[in-house]
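A.B. asks: I am attaching a structure below and will ask some questions about it afterwards.
The values are calculated or read from the model by the stated rules, or taken from the named source; none is laboratory data. Note that the structure is a prediction, hence the values are computed from the model and not measured. FYI the Cβ positions are ideal-geometry reconstructions off the backbone, even for glycines, and counts take in every protein chain you see. These area figures cover heavy atoms from the full protein model, side chains too; ligands, DNA and RNA do not enter into them. Shrake-Rupley method; radii C 1.70, N 1.55, O 1.52, S 1.80 Å.
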Amino acid sequence: MNDGIPEFDFSDLVARTNYGKNDDAEELHIVETKDEEALDDIQMGQAVVSAGENEEVVKELPEIQVSSSTLKKRDPHIVHLLKRMSLQSTILCIILPLFSLFKIVLSRPQGVTPLFMYFFGFYMIISQISLFGGYHRFFTHQSFQTHIVVQLAYAIFGGSCGLGSVLQFTSQHLAHHRHQDTERDPHSYSVYGWLFSMWGHRFFLGNRKSRRAIQECRNTFVSTSMMVHNKRLKHDGEKEVLLQPPNHEILKVQDENYVSLLLLTLIVIPCLVALYCQVPYWTSVYYLGFVRMSIIQQQWLLLGSLGHIKNLPFATQPFSNIRSAINFPVTFFWQFILFGEANHNFHHEFPSDYTAGSRWYHWDPSKWSIWILYQFGLVNHLHATNSQQVEKCALQQQQKLLDQEKSKLKWGISIEKLPIISPEQFSELARQQYANNKRALVVIEGIVHDVTPFIHNHPGGTALVQLSIGKDATQAFNGAVYSHSQAARNLLATMRIAMLSSNEQVKQTVWEKRMLQQSQDNQRRNNRQVTYTQKNHYAAGAA
Amino acid sequence: MSKMDEVDLVQANVLAAGANKKSVRVVNGFGSLMGSKGMVEMDSKAFKEASQMEEILKRDQEDKDRYAGKKHISEQPWTLNNWHKHLNWLNMILVVFIPSIGWYLAFSGKAKMNPKTIAFAFLYYAMGGASITAGYHRLWSHRSFSARWPLRLFFAIFGCANVEGSIKWWGHGHRLHHRYTDTYRDPYDARRGLWFSHMGWMLLKPNPKYRARADIEDLTDDWIVRFQHRHYILLMAFTAFILPSLVCGYFFNDYFGGFVYAGLIRVFCIQQATFCINSMAHYIGDQPFDDRRTPRDNWLTALVTFGEGYHNFHHEFPTDYRNAIKWYQYDPTKVIIYTSSLIGLSFDLKKFSQNAIQQALVQQQQKKLDRKRSHLNWGPQLTDLPVWDKQDFLREVNERKGLVVISGIVHDVSGYIAEHPGGETLIQSALGKDATRAFNGGVYRHSNAAHNVLATMRVAVVKDGQEAAIKFAARRGEVYKTAKAE
């Protein structure tokens, strides 16, 4: 910014790494050749229009046409669609779950023994913990550091849920957090609707913007882990630290061998269990592999779509309502369904909190397991948000809502806009007005009020108001006769007509001035806040 | 200011008390037995004194001198010799002894319980309750609507059945309560304890030091109020005890049961329910409109008192004919008044504008937020920070390890490195540098919470970066006047 202070150069940190590029990256070059600024301008314009409007989709259309018209040959529609489908996630998240669902509906479970059910339950809970606690809270949000063996377990069993390798999952989820509610969000509920955010984004590769966002997040993530890795290599002589942030090698190996990992967890492990429990191989593969995988991944997908339905009945947004993430109503119930992630608004505001906002009486085994590992010393750097910070955020949000509410109300004419008259003028004016028009002017706290319409509604009686016509009733108003309520003051403020000159009282006693000033400031500030945060999407994209 | 007339406070207080008018003197058979006469007689001297601080202080001193030896009974300690002087025996009989007889007769089995009588007692209870809340309270005390004579007569007659005094007496006390809420002049001053505001104020003799008077001319102008006050004892005896016995006797052949259940015990219940407005409604519940005084909103109190439990609203908007404004809040009195207006028995229902009500809500919420905010550490204000130029910064960097510049603000993050959720490595490589872009999305777009944490670590502002700093601070709601304007 200024030439003096060296800028923290993170560009080498986020440098493109050769390794780990999937086929998505090939297509990305099309976008990157485009004029970046123009692209960003478009996005900014759209973002300001307010995320979650259909307009964005409409605006998107011409752009697609432009880019596709530049291509020389257009594929037939069906081929085009097929090309844009993601084979891996379609099979894992659409076809296999559907198959499991139909099979379970159409045929009764057979050959299941109690021992097998124990295995099923155990495997289920281990995979859930690995997905929600490992994939999500550890790898993606890095809310703690853990032992290399635990990382390995997370990578294996989390991978068995069919949501992709750690790198795929993490980059997608980080992009979701960073670009929530915009087109860059890989599963944006507000832009593309619930069907897309639940299953659609598993079907298709997604639009270019989101793919680019994912790639950026992937680069950041990979390079961060690589940096940690390199740093460790430098201190080679020292004792190897086993409690680590996401280990680069594990990420790499898991990503490269994801298919074999799936084979292991969906086929081999169930077969071993079948051998031990004396149940048919196919039954075991079906339940331990497919059914378990489907349930867990659908849980996750449900969170991604339902958690962003802003107008879900009784949902709350205690920390930020700029974005769509909500805290679910009936938390206790939803915590079972969503495996401890029901406080989604909290999570989006404090992503690196390992509790995800769940309380001790909420169903959240991933939190419990992390805590137990922490007690055994297998986890450190456990990050839980300071309750003061939570309170601050909630306060800021409440203040925002309150400011909105305030700006909707009529607060009377602001004091600066009032004409100024001298006390002599006032006495003259009041006498005249009363004589000619029967208008009642009263001075309270240096401000002239026309109380004519109110005389007969005055709860204390007409006579008292009539006594004060043309006079200064400050003391009577403030307690000498009756100490008026706040509501009475508000009512009075709507009847202002002028301000007395040379009045030192005004500035000190009139509280409304501050009130009005604040509400305007706050409104301005809120608007500004929205723009800034959306500019940041832009900044993030440019980086 | 000097050029302008001020309101003559003495005159205003005379007006507020209604002492300027020659109102019809309405007396009832009990006369001085009610014990309230001495509390309302105020002469011109008293008004002057009540309006001028010096006078009040002087009078207090005089009173102190005069009564140095002798104290009013309410100021004397309770002893075995004077305990009976503390009590207002008429009220004692009306609200303690008579209901106790009822309970004795009921529990001893002398009065058999007849389901039909009980049902009638409930019905009669509801009629009496509605007369108190809609009639005594919202119509006469607060003039929140106007009623035609049949409705007023109904309220006046069945209001008697509750044995809570005449409209004139009740309305006067209630107006005082609203004018002097939470002061010694408040007849049922909630600050003096739950028990005092519930029944104590009736059973004990009041201190004449705190005498006060409210304008009730509009009440005495009403012939129904005058009539009721004049014949109060007869009306009370008839509606509270004789009528229920006769009705139950004639229809269910249960004269005695009617007297006990629909008379004595019903009177006890309705009295206690009414007292709850003075006691419970100032003790339990929340204060969404204003917390400077004791009244509170609570659904439980509302349930007991025909909807008068939304007392915080009521004290803020006393002339509103409603007490509950939300659809789900229980306020049958409001419904009764509204229904009667539909059939033409009442008119001119007063309502405060929704705007005014929302304003009060918003202001109170703001007050609560400000209070909460003051308990939290929001970090130093930008204006309180020193301004550093490049040399300053470089010098400081050599001395202190954890300095990072973000958006023109220097932060000392040394205490936070280990806690940083994104890892120590990232933060360490940014030490001594400008990490604005990395913080704002280059590496990670930090949340609002992160901004709050960061703000607590502010050390200084960079010389050329003030504008950026102001913008940055504005993101978490801090407002500074931009230097640009100057």
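A.B. asks: Work out the FRET efficiency for A:L152 and B:W327 from their Cβ-Cβ distance, taking R0 = 51 Å, and round it to the nearest 0.05.
C.D. replies: The calculated FRET efficiency here is 0.30.
A.B. asks: From other protein chains only, count the Cβ atoms within 10 Å of every residue's Cβ in A:487-494, then give the mean.
C.D. replies: The shielding value for this peptide is 5.
A.B. asks: Can you compute the FRET efficiency between A:V330 and A:F102 using 1/(1 + (r/R0)^6), with r the Cβ-Cβ distance and R0 = 22 Å? Round to the nearest 0.05.
C.D. replies: 0.10
A.B. asks: Can you give me the distance in nm between label points at A:Q466 and A:W282, each placed 7 Å from the Cα along the Cα-to-Cβ direction?
C.D. replies: According to this spin-label approximation, the distance is 10.0 nm.
A.B. asks: Compare B:D186, B:D384 by solvent-accessible area with a 1.4 Å probe and give them largest first, with all protein chains kept in place.
C.D. replies: Heavy-atom accessible area, descending, gives B:D384, B:D186.
A.B. asks: Order A:179-188, A:488-497 from most to least packed using the mean count of other Cβ atoms within 10 Å.
C.D. replies: Result, highest mean Cβ count within 10 Å first: A:179-188, A:488-497.
A.B. asks: When all protein chains stay in place, what accessible area (Å², nearest 10, 1.4 Å probe) is found for B:F306?
C.D. replies: Here the residue's solvent-accessible area equals roughly 40 Å².
A.B. asks: Eight or more residues apart or on different chains, and alpha-carbon atoms under 18 Å: count the Lys pairs in the stretch B:85-363 matching that.
C.D. replies: So the count of such lysine pairs works out to 7.
A.B. asks: Per residue of A:460-473, what is the mean number of Cβ atoms on other protein chains within 10 angstrom of that residue's Cβ?
C.D. replies: That works out to 5 on average.
A.B. asks: Can you put A:L301, A:L115 in order of accessible area, largest first, using a 1.4 Å probe?
C.D. replies: A:L115, A:L301
A.B. asks: Taking the Cα centre of each part, how many Å lie between the stretch B:127-183 and the stretch A:200-259?
C.D. replies: So the separation of the two Cα centres works out to 76 Å.
A.B. asks: A follow-up question, please. Pairs B:K433/B:K471; A:K234/B:K401; A:K400/B:K471; A:K406/B:K372; A:K209/A:K231: which are spaced more than 27 Å apart, C-alpha to C-alpha?
C.D. replies: A:K209/A:K231
A.B. asks: Now a separate question. Order B:I224, A:I95, most accessible first, counting only protein heavy atoms with a 1.4 angstrom probe.
C.D. replies: Per-residue accessible area, sorted high to low, gives A:I95, B:I224.
A.B. asks: For B:R192, put the label point 7 Å out on the Cα→Cβ axis and report which residues of the stretch B:79-104 keep their amide N under 16 Å from it.
C.D. replies: Hits in the stretch B:79-104 for B:R192 at 16 Å: B:85-89, B:91-92.
A.B. asks: 222 nm [θ] for chain B, helices only, -39500 (n - 2.57) per DSSP H run of 4+, per residue, to 500?
C.D. replies: Numbers: 24 runs with 216 residues, N = 486.
Value at 222 nm, helices only, nearest 500: -12500 deg cm²/dmol.
A.B. asks: Counting only the backbone N, which residues of the stretch A:124-166 are under 13 Å from the spot 7 Å out from the Cα of A:E240 toward its beta-carbon?
C.D. replies: Flagged as within label range: A:148-149.
A.B. asks: Using 0.36 nm per residue, how much length does the chain from B:I101 to B:K390 gain when fully extended, once their Cα-Cα distance is taken away?
C.D. replies: 95.0 nm
A.B. asks: Please figure out what share of the DSSP beta bridges in the stretch B:382-485 is antiparallel and state it in percent, rounded to the nearest 5.
C.D. replies: Roughly 75 percent of the DSSP beta bridges within the stretch B:382-485 come out antiparallel.
A.B. asks: Suppose each label sits 7 Å from its Cα in the direction of the beta carbon; what would the B:K209-B:K112 distance come out to in nanometres?
C.D. replies: Spacing of the two 7 Å Cα→Cβ label points: 5.7 nm.
A.B. asks: Let me ask something else about it. Could you let me know the centre-to-centre spacing of the stretch A:424-449 and the stretch A:102-124, using Cα atoms, in angstrom?
C.D. replies: After rounding, the separation between the Cα centres reads 87 Å.
A.B. asks: Sticking with this one: How much accessible area does A:E428 have with a 1.4 Å probe, in Å² rounded to the nearest 10?
C.D. replies: 80
A.B. asks: Compute the distance in nm between two label points, each set 7 Å from the Cα along the Cα-to-Cβ direction, one at B:L234 and one at A:E405.
C.D. replies: Computed distance between label sites B:L234 and A:E405 equals 5.4 nm.
A.B. asks: To the nearest 10 square angstrom, what accessible area does B:K71 show with a 1.4 Å probe?
C.D. replies: For B:K71, solvent-accessible area is about 110 Å².
A.B. asks: Another question, then. In the neighborhood of A:H136, defined by Cβ-to-Cβ distances under 13 Å, what is the net charge if each Lys or Arg adds +1 and each Asp or Glu adds -1?
C.D. replies: Working: positive: A:R137, A:K367; negative: A:E341, A:D353, A:D364.
Taking every other residue near A:H136 into account, the sum is -1.
A.B. asks: For the stretch A:309-408, take every pair of Cα atoms, bin their distances at 5 Å starting from 0, and report each bin as a whole percent.
C.D. replies: 2, 13, 19, 22, 19, 12, 7, 4, 1, 1, 0
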